[in-house]
1. If I filter the range 79-92 down to residues being under 17 Å from N17 (Cα atoms) and of a type in the set (A, V, I, L, M), which single residue comes out as surrounded by the fewest Cβ atoms within 10 Å (Cβ to Cβ)?
2. Can you find, within the range 21-50, the residue that is farthest from P81 (Cα to Cα) among those that are touching a Cys at 6+ places or on another chain (Cβ under 7 Å) and open to solvent by 20 Å² or more (accessible area, probe 1.4 Å)?
3. If I filter the range 51-66 for residues that are farther than 16 Å from F92 by Cβ and surrounded by 15 or more Cβ atoms within 10 Å (Cβ to Cβ), do I get at least one hit?
4. Where residues in the range 1-20 are open to solvent by less than 40 Å² (accessible area, probe 1.4 Å) and assigned to a loop (DSSP other than H, G, I, E, B), which of them is nearest to Y56 (Cα to Cα)?
5. Considering only the range 35-42, I want to know if a residue exists there that is closer than 24 Å to E88 by Cα, at pLDDT below 95, of a type in the set (D, E, K, R) and assigned to a loop (DSSP other than H, G, I, E, B).
6. Return yes or no: is G76 open to solvent by less than 80 Å² (accessible area, probe 1.4 Å), without any contact (Cβ under 8 Å) to a residue 12 or more places away in the chain and of a type outside the set (D, E, K, R)?
7. What is the residue count in the range 2-16 for residues that are touching a Pro at 6+ places or on another chain (Cβ under 9 Å) and closer than 17 Å to L68 by Cα?
8. Just one of P81, P63 is in contact (Cβ under 8 Å) with a residue 12 or more places away in the chain and either of a type in the set (A, V, I, L, M) or out of contact with any Pro (no Cβ under 6 Å at 6 or more places or on another chain) (or both); which is it?
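The values are calculated or read from the model by the stated rules, or taken from the named source; none is laboratory data. Since the structure is predicted, the reported quantities are computational estimates derived from the model, not experimental observations. A quick note on method: Cβ atoms are made from the backbone with ideal geometry, for glycine too, and the neighbour counts reach across all protein chains shown. Note: accessible area is taken over every heavy atom of the protein model, side chains too, but ligands, DNA and RNA are not part of it. Shrake-Rupley method; radii C 1.70, N 1.55, O 1.52, S 1.80 Å.
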Amino acid sequence: MKLAMAQMHMEQSMERNLARTLEFCRAAEGSDLLFFPEIQLSPFFPQYEKRDVTDYCLRMESPEVAALAAQAKKLGCYLSPNVYMELEGKRF
């Protein structure tokens, strides 16, 4: 099994972070599993107390999640993204 790990600087823009994430996927082509850093599509907001991070919360039907799934399928690999998600009314 060939593993790859992405180390990236996250910006405020989810769109730019997603674009960078997809670039890392292409760069890791040939790997079986690609790992990403904590909360990769947003800045590391847990360091800020009482910050409204609603805009960074994804759901399974979010276009960002679909883009990650499509890229994994296209490259024939598994991704281990780390994003802020809402599932069954709870945020993780």
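1. Of everything passing the filter in the range 79-92, M85 is surrounded by the fewest Cβ atoms within 10 Å (Cβ to Cβ).
2. In the first step, residues of the range 21-50 are kept if they are touching a Cys at 6+ places or on another chain (Cβ under 7 Å); the result is 31-34.
Still in the list and also open to solvent by 20 Å² or more (accessible area, probe 1.4 Å): 32-33.
Details: D32: 14, L33: 10 Å.
Only one residue fits best here, namely D32.
3. no
4. Among those residues, the one meeting the criterion is S13.
5. Within the range 35-42, one or more residues are closer than 24 Å to E88 by Cα, at pLDDT below 95, of a type in the set (D, E, K, R) and assigned to a loop (DSSP other than H, G, I, E, B).
6. yes
7. Total satisfying the criteria: 5.
8. On the way: P63 fails: in contact (Cβ under 8 Å) with a residue 12 or more places away in the chain.
It is P81.
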